[in-house]
Amino acid sequence: MSLNLARFRLKPKYKHIGFASEIQTDLAKLEDRVQQAQARHRLYNYITRFAWIGLIGSFVIGVFGSVLLEQPLSPLFWLFLFSLGVLLVLGMLKLFERPWLIPQERYVLPVGLIKKVIRDMELEPSLHLSLNCSPVNAKRKRIDTIPDPKRDRWKIDRYADPWLLLEGQFLDQTDFTLTLTELYIEKYGWKRSRSGKTKHKRKSKPKGLSLTLTLRFQRKKYGAVTVLKDSLKEALKLTPTARVKRIKVSDRTLSLTVKVPPYPPPKRFEVDRNVDVKQVEELITQMFLSLYHVLNLAQKLSKVTL
């Protein structure tokens, strides 16, 4: 089923099982709509600044002018009402566009991954793509709440956002499943300022990504992979920041889970981010190559055994 923008706005989830070309078309459609929303949001912010200037300026000048001249200034009163009306309209327009302010990686990363995996698939490849573009700190994505070990009366909400699922089959009849989960925490509690006032504070922090790649293959071709179980880690070639969390192997499946910390900001004074599209795409490519390196070793071992 192709992307329906009206439905997506109400429920920002996308799921499609079909030709890769159809998914690429949908993602291009989504990217175009997000870029429209971003352009409109910038325009609304630009107009909002002038509306606030008009609102505050007309109020201040109107009050002092009426006191000095001892009569109300009608033009400034109408300017005040006009500026107030503009601000209300802009607020509603921003609210309408807010669901489309989706992080760029949610639609750019799948495009790059699809381009890479279809190189080793049939001419008209079929894929299963599932995307969840709702905020990472949505309530339903909270996994637990724990006390902050460093601050009294503070708590930590921990979130796990599995927003990407990609499945397909390569030419050698090996099925793959790739999942990406974004990790995130929010710290909140009461803090006393220097003046003695107590305020409720909330701090957000990205905690990195968890990626799992699973290959399901023919037992006859790669079944000897179980013999390599104890030396699998040495065969993996991943970026230094990636930490192997789990490796599962059987005579039909091979699964790798890695975790990476947040990526440093591209510009000074910006905060860390969970996803750097280029580096995450490179890491996923390394995961595919590493697992296939293991399978190729298993295939050679099977031939020697025979």
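The values are calculated or read from the model by the stated rules, or taken from the named source; none is laboratory data. Because the structure is a prediction, the values reported are computed rather than measured. FYI the Cβ positions are ideal-geometry reconstructions off the backbone, even for glycines, and counts take in every protein chain you see. All accessible areas refer to the heavy atoms of the entire protein, side chains included, with ligands and DNA or RNA removed. Shrake-Rupley method; radii C 1.70, N 1.55, O 1.52, S 1.80 Å.
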Problem set entry | Single residue of Phe176, Phe77, Phe82, Phe96 found to be of a type outside the set (S, T, N, Q) and either open to solvent by less than 40 Å² (accessible area, probe 1.4 Å) or in contact with a strand residue (DSSP E or B) (Cβ under 9 Å, 6 or more places away or on another chain) (or both) | Phe176
Exercise. For residues in region 210-229 being in contact with a Phe, Trp or Tyr (Cβ under 9 Å, 6 or more places away or on another chain), part of a strand (DSSP E or B) and open to solvent by less than 70 Å² (accessible area, probe 1.4 Å), which is farthest from Asp172 (Cα to Cα)?
Worked result: Leu213
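If the requirement is being open to solvent by 50 Å² or more (accessible area, probe 1.4 Å) and free of Cβ contacts under 8 Å to residues at least 40 places away in the same chain, which of these qualifies: Lys116, Lys150? Walk me through it before giving the result.
Working: Lys116 fails: free of Cβ contacts under 8 Å to residues at least 40 places away in the same chain.
Step by step, each of Lys116, Lys150 is checked, and only Lys150 is open to solvent by 50 Å² or more (accessible area, probe 1.4 Å) and free of Cβ contacts under 8 Å to residues at least 40 places away in the same chain.
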Problem set entry | Where a residue in region 82-102 is of a type in the set (D, E, K, R) and its partner, wherever it lies, is open to solvent by 40 Å² or more (accessible area, probe 1.4 Å), with Cβ under 6 Å and at least six apart | Glu97/Arg40; Glu97/His41
For this session: Return the pairs, sorted by first residue and then second, in which the second residue is assigned to a strand (DSSP E or B) and open to solvent by 10 Å² or more (accessible area, probe 1.4 Å), the first residue lies in region 3-21 and is of a type in the set (Val, Ile, Thr), the beta carbons are less than 8 Å apart, and the residues are 6+ apart or on different chains.
Result: Ile17/Ser126; Ile17/His128
Seminar exercise, completed: Among residues of region 46-63 being free of Cβ contacts under 8 Å to residues at least 40 places away in the same chain and either over 15 Å from Leu79 (Cβ atoms) or not in a helix (DSSP H, G or I) (or both), the residue farthest from the chain's Cα centre (by Cα) is Arg49
Exercise. Restricting the first residue to region 259-277 and requiring it to be at pLDDT 85 or above, which pairs with a second residue that is open to solvent by 40 Å² or more (accessible area, probe 1.4 Å) and part of a strand (DSSP E or B) meet a Cβ separation below 6 Å and a spacing of at least six or different chains?
Worked result: Lys259/Arg243; Lys259/Lys245
